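Student: Sharing a structure below in structure tokens format, with a few things to ask.
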Amino acid sequence: MSGVGAPALSVDGSGMRIVVVAASWHTTVMEGLLGGALRALAAAGVADPQVVRVPGSFELPVAAMKAASAGADAVVALGVVIRGGTPHFDYVCQAATSGLTEVALQTRVPVGFGVLTCDDEAQALARAGLPGSTEDKGAQAAEAAIATVLALREL
């Protein structure tokens, strides 16, 4: 079951420059993810996070790389890919995951991974942080990004 075992993070992002890179496909789900991320960033004291929209989840890594290379303390990547009847799902999920991992490793800038990879729209809506959703993956991705910045500062 998704969400079981998730850490309860209490983070302070005051003074951090955070960029949220969000895909545009599946408008309702994406607005929920983006809203959750922005609420979490505000609650953590992040002032004026920059939001950049890209067409889809496949485009997230290149925008995240630009943000990380331009001085962001962290990037929050938000997207949703819903399984269809072709291998397209597998290719996009793999590209987004590998690409965002590569951004974090190459730049040493944390990337909060808020890309939903779901079998159907109901699963995506349940995780989108909307009224009636059981989870808020946008908020969790934002909190994880801040928590990682703080952890790296301890090293």
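The values are calculated or read from the model by the stated rules, or taken from the named source; none is laboratory data. All values reported here derive from a predicted model rather than from experimental measurement. Neighbour counts are summed over all protein chains in view; Cβ atoms, including those assigned to glycine, are modelled from backbone coordinates with ideal geometry. The area values use the complete protein model at the heavy-atom level, side chains included, leaving out ligands, DNA and RNA. Shrake-Rupley method; radii C 1.70, N 1.55, O 1.52, S 1.80 Å.
Student: Specify the residue with the greatest mean-square fluctuation among 141, 68, 95, computed from a Gaussian network of the chain linking alpha-carbon atoms under 10 Å apart.
Tutor: Maximum among the listed residues: 95.
Student: Which residues' amide hydrogens lie under 5 Å from the amide hydrogen of residue 116, considering only partners 5 or more residues apart or on another chain, with H built in the peptide plane?
Tutor: Those lying under 5 Å, H to H, from residue 116 are 79, 80, 81.
Student: Amide H neighbours of residue 13 under 5 Å, at least 5 residues apart or on other chains, H built in the peptide plane: list them.
Tutor: 45, 46
Student: Roughly how many percent of the accessible protein surface of the range 103-154 is carbon and sulfur, given a 1.4 Å probe and a whole-percent answer?
Tutor: Carbon plus sulfur share of accessible area: 51 percent.
Student: Considering only protein heavy atoms, what per residue accessible area in square angstrom results for the range 23-155 with a 1.4 angstrom probe?
Tutor: That works out to 49 Å² for each residue.
Student: Would you tally the net charge around residue 13, using a Cβ to Cβ cut-off of less than 10 Å, leaving residue 13 out, and scoring K and R as +1, D and E as -1?
Tutor: That works out to -2.
Student: Cut-off 10 angstrom, C-alpha nodes, Gaussian network model of the chain. Which of 105, 41, 33 fluctuates the most?
Tutor: 105
Student: For a protection proxy built on the mean count of beta-carbon atoms within 10 angstrom, sort 73-84, 15-26 highest first, please.
Tutor: 73-84, 15-26
Student: So, one more: Just one of [x] 16.2, 49; [y] 14.0, 39; [z] 14.4, 46 is Rg and Dmax of the Cα atoms in Å as worked out from the coordinates here. Which one is it?
Tutor: So the calculated entry is the one marked [z].
Student: Right, another one. In the neighborhood of residue 100, defined by Cβ-to-Cβ distances under 15 Å, what is the net charge if each Lys or Arg adds +1 and each Asp or Glu adds -1?
Tutor: Computed value for this residue: +1.
Student: If you don't mind, there's one more thing I want to ask. Below 8 Å, C-alpha to C-alpha, sequence gap of six or more: please give me the relative contact order for the chain in percent.
Tutor: Dividing the mean separation by the residue count of the chain yields 29 percent.
Student: Along Cα→Cβ, 7 Å out, is where each label goes; now give me the distance between the ones at residue 48 and residue 134 in nm to one decimal.
Tutor: 4.0 nm
Student: Nearest 5 percent is fine: what portion of the DSSP beta bridges confined to the chain is antiparallel?
Tutor: DSSP beta bridges in the chain are roughly 5 percent antiparallel.
Student: Once the other residues with Cβ under 12 Å from the Cβ of residue 84 are scored (Lys, Arg +1; Asp, Glu -1), what is the net sum?
Tutor: -3
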